[in-house]
Structures are given as C-alpha cells and as structure tokens.
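Single-structure report; data block below.
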Amino acid sequence: MTTSEHDTLAQRLTALQQDIASHTHQQESIPTLLAVSKKQPTSKIRALYAAGQRAFAENYLQEALAKQAELSDLTALEWHFIGPIQSNKTHDIAQYFDWIHSVDRTKIAERLSNQRPASSPPLNICVQVNIDNSPTKSGVSPAEAAALCHTVYHLPQLQLRGLMCIPEPRSDFSAQQAVFAELAALRDAIRAQLTPVDATTDHLTLDTLSMGMSADYPAAIAAGATIIRIGTRLFGPRPT
Ligand SMILES: *Cc1c(COP(=O)(O)O)cnc(C)c1O
C-alpha cells in the first residue's frame, strides 16, 4: 500500500467519525464504529489501526483466522464475528473472537458457551433478528427472539449484549428508520422481560443495538444504534 492510500484511509476514518457524531443527538452517546474488514487486506487494517481504529469485524472464519495471525503484533484489537455460523465452526469462533453478532439458534449458543475457554471472559453476544421476516435471510424471527435471548442470558460463558439486524435495502430515510425502530422496540420489550439475577451485575444486559451499514447508518443512529457496522464506506469497494 502506498503512503497516499494509507493517508486516504485515515482521512476516511476521520470523516466517517465526524459524520457519525453529526447524526448523534446531544443526549445520546456516539455509537461504536465497527470496521467490517471482510475481503480487505491486512495492510488496510494496519492503516486504520494506526489511525486509532480498534474494533474490526469479519464474516468468514478461515479468512479471519489468517488475518488475526498476520496481525498478532497489534495489541488491543477487538474482533467481532458477523457472518453465518455453522456448528462445526463454533469451536474456533468461541476461542478467537470477542463478540458474535450472528447468533440465531439455541444449538449455536450452547456450543459457543461450552467451547468458550474458561480462561477467557464471557463472549459478548448479539442475537440476529430477521426483522423483515424474509424467507431468504438469516436470523431468528422477531416472535422467537425473546426465547433465544433468555437462553443466551442463562448460558455461563456468554454475555447477552443485544440484538443485531440486516434489513432489506430501503431507499428512503424514514423507511430505514422505521425498520430499525422495530428492532429497538423489540430490544426494549425483551429487556423488560429479563428479570435481573443480580441487579448489580446486570447492567450490560441488552445495552446493544447492532444495526446500520454503509447505505443506512444515519437512519440506524436516529433509531438508537449503539454499534454500526461499516465496510465499503470506510475501506472503499471490496475486492472481488
Ligand atoms: C458486509 C457487512 C457489513 C458492511 O457492509 P457495507 O455495506 O460494506 O458497509 C455489515 N454487516 C454485515 C453483517 C455484513 O455482512
């Protein structure tokens, strides 16, 4: 990567952070920017790291493990898994990631909890919700989300953090905001149902709404996103 490509990534990061702040109202906290690095080279991850970015997300396990090995000299990187999870992959996913955004069935949640090393802190979990009830999309249906959240909440090596969604593309802002508001309302309803086991340790439960990508993050922020997942807008187009 040339010096100017390096500078461009740093500039894009700064511009994006400013844009995120400009969409955040005064009384809210600024959502966390998750840099979606799938299909992008580690040189670009290094450039963003040098510019201060720490949280990165990957969709494909083998690609992610290879990149993590190449980047093992970088400290305090935070790795998020956001892709579909096959049960034969849970062993490595439970070991090599800090967050999982794409848990959509009980069997996967149980395997992740069983396989999370005892020496590691509990794995941060978002339940992926198929907010459009689309037959072709992954995620638990909105009607089944509460039951899966209860399961995750009670698994010892998992820390239930919130809900994630990938809505069908919508072109106008208000339609985008409306679907993200549905996820926010679902989160609020489930949070109200979960009885704290211990009020002092329960503060993290369902604090997270992982929603918004390059095409719709301003609407997600308006609906209360706490983590936005940005690939193209930060890295540029994904190499094919
Ligand atoms: C690829 C991907 C993103 C980022 O998409 P962009 O449109 O490039 O910002 C976010 N979330 C998930 C789950 C993805 O797979």
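Bear in mind these aren't lab numbers, they're just calculated from the coordinates by the rules spelled out. As the structure is a prediction and not an experimental result, all values here were calculated from the model. Neighbour counts run over all protein chains shown; Cβ positions are idealised from the backbone, glycine included.
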Being within 22 Å of MET164 (Cβ to Cβ) and hydrophobic (A, V, I, L, M, F, W, C) is the filter here; which residues of the range 24-47 pass it? ILE30, LEU33, LEU34, ALA35, VAL36, ILE45
Which residue, of GLU28, GLU63, is of a type in the set (D, E, K, R) and within 29 Å of THR3 (Cα to Cα)? GLU63
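Conditions (1) free of Cβ contacts under 8 Å to residues at least 40 places away in the same chain; (2) of a type in the set (Phe, Trp, Tyr), marked per residue:
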residue: GLU144; (1), (2): yes, no
residue: GLN159; (1), (2): no, no
residue: GLY162; (1), (2): no, no
residue: ILE166; (1), (2): no, no
residue: SER171; (1), (2): yes, no
residue: ALA175; (1), (2): yes, no
residue: PHE180; (1), (2): no, yes
residue: ALA184; (1), (2): no, no
Can you name the residue in the range 27-39 that is within 15 Å of the ligand (Cβ to nearest atom) and more than 11 Å from the chain's Cα centre (by Cα) and, of all such residues, is surrounded by the most Cβ atoms within 10 Å (Cβ to Cβ)? SER37
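Please state which one of GLN128, GLN95 is free of Cβ contacts under 8 Å to residues at least 60 places away in the same chain and either more than 16 Å from the ligand (Cβ to nearest atom) or over 15 Å from the mean Cα position of the chain (by Cα) (or both).
Just one listed residue meets the conditions, GLN95.
Can you tell me which residue among THR42, THR24, THR75 is over 19 Å from the mean Cα position of the chain (by Cα) and either touching a residue at least 60 places away in the same chain (Cβ under 8 Å) or surrounded by 15 or more Cβ atoms within 10 Å (Cβ to Cβ) (or both)?
It is THR42.
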For residues that are within 10 Å of the ligand (Cβ to nearest atom) and touching a helix residue (DSSP H, G or I) at 6+ places or on another chain (Cβ under 6 Å), scanning just the range 223-234, find the one that is nearest to LEU9 (Cα to Cα). LEU234
